[in-house]
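Here's the structure we're looking at; comments come further down.
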Amino acid sequence: MSAQETAYRSAHEQGGELLRGEAGEALAEAAGARRAADSDVADALARPRPRGPGASASYLDRLGSGASLAPAEERRLILAAKAGDANARGQLVEALMPLIASVARPYRQSTRVERLELLQEGVVGLLRALERYEPERGVPFWAYASWWVRQAMQQLVSELNRPVVLSDRALRHLSRLRDAHGAGLRESGREPGNTELAERTGLSREHVDDLLAVDRPARSTDEPATGSDGAVGTLGELLIDPLAEGEYERVLEALESHELLALLSGLSGRERAILRARFGLDGEPERTRGEIAETLGLSAERVRQIEKRALGKLAAGAGG
């Protein structure tokens, strides 16, 4: 089922006293910083900058409240926005921002995701829904768009909180697991096991194990590691294999030598002998052209010519 059809199915299923002195100065400074943050939030969301002394927290909270559009006005804005009217698109986003903010609330528990980021992703999801929305189907726009808004936020939370990015289907299954975990905890007063969670959700035990494994928070390699004798360094230091780098280099050298030997097999015996001695291919020290010439009974110039010809053959063989 396509994302668009999934969204439509989801839509159908929804139905005082002034302070003076140092304290006053500190308050004024903090208020100024909050007003600057207000402006940053407004700019990031492409909304008008707030006026007056409102603080960031209250400004963000005000995004979650506002008058809803009349059905006729909403339809007019949707049709105009789909026709390319940027002003109508902006008005539609502005009017639906309270609903986007309400969708963001369940995801605000994450310490790694800012509320502003959630709202931005929600706007992106809303605009994706606007592109795909088909008014002739008769489905209320928000009932359809909310699926896209939620999907965008879920994707952001997944990317920032987990070492593995999960699919929408996996995220839905994780949500079912959390609901089942909460229900089991309330009913029995104890932590439900994975087998019980599998029975409650209808998922296989293996699937439950995999989902819970990827839902664990990532651990930093800089995280302190402790043992029975106390601190033993960082987690990354315990994971490092001191022999791994040397083995890696040896594997590379073996591969390069193997490929080189295959290329050398296409040369004449004299060409191989000169290259082996010249570049120390047999593990022996590299020799000068004069030394090679004396060994083979040739002139140094002749050795240079043979070396050049042999290297040309190797280059041609490697390129082919």
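Results, tabulated for the structure shown:
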item: Radius ratio Rg over Rh of the range 165-218, counting only Cα atoms, Kirkwood formula for Rh; result: 0.96
item: Peptides 268-277, 122-131 ordered by average Cβ neighbours within 10 Å, highest first; result: 122-131, 268-277
item: q = 0.15 Å⁻¹: log10 I(q)/I(0) that the Debye formula gives for the range 71-173, counting C-alpha atoms only; result: -0.62
item: Protection-proxy order for peptides 90-98, 77-85, each taking the mean of Cβ atoms within 10 Å per residue, highest first; result: 90-98, 77-85
item: Cut-off under 5 Å, modelled amide H: who pairs with residue 225 long-range; result: 232, 233, 234, 235
item: Karplus-derived 3J(HN,Hα), 6.51/-1.76/1.60, for each residue of the range 196-204, Hz, glycine and proline x; result: 5, 5, 5, 5, 6, 9, x, 8, 6
item: Karplus-derived 3J(HN,Hα), 6.51/-1.76/1.60, for each residue of the range 184-192, Hz, glycine and proline x; result: x, 5, 5, 6, 10, x, 9, 6, x
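Computed from the coordinates by the stated procedures, all read-outs in this text should not be read as laboratory data. This is a predicted model, so every value here is computed, not measured. When we count neighbours, we look across all protein chains shown, and the Cβ atoms used for this are built from the backbone with ideal geometry, even at glycine.
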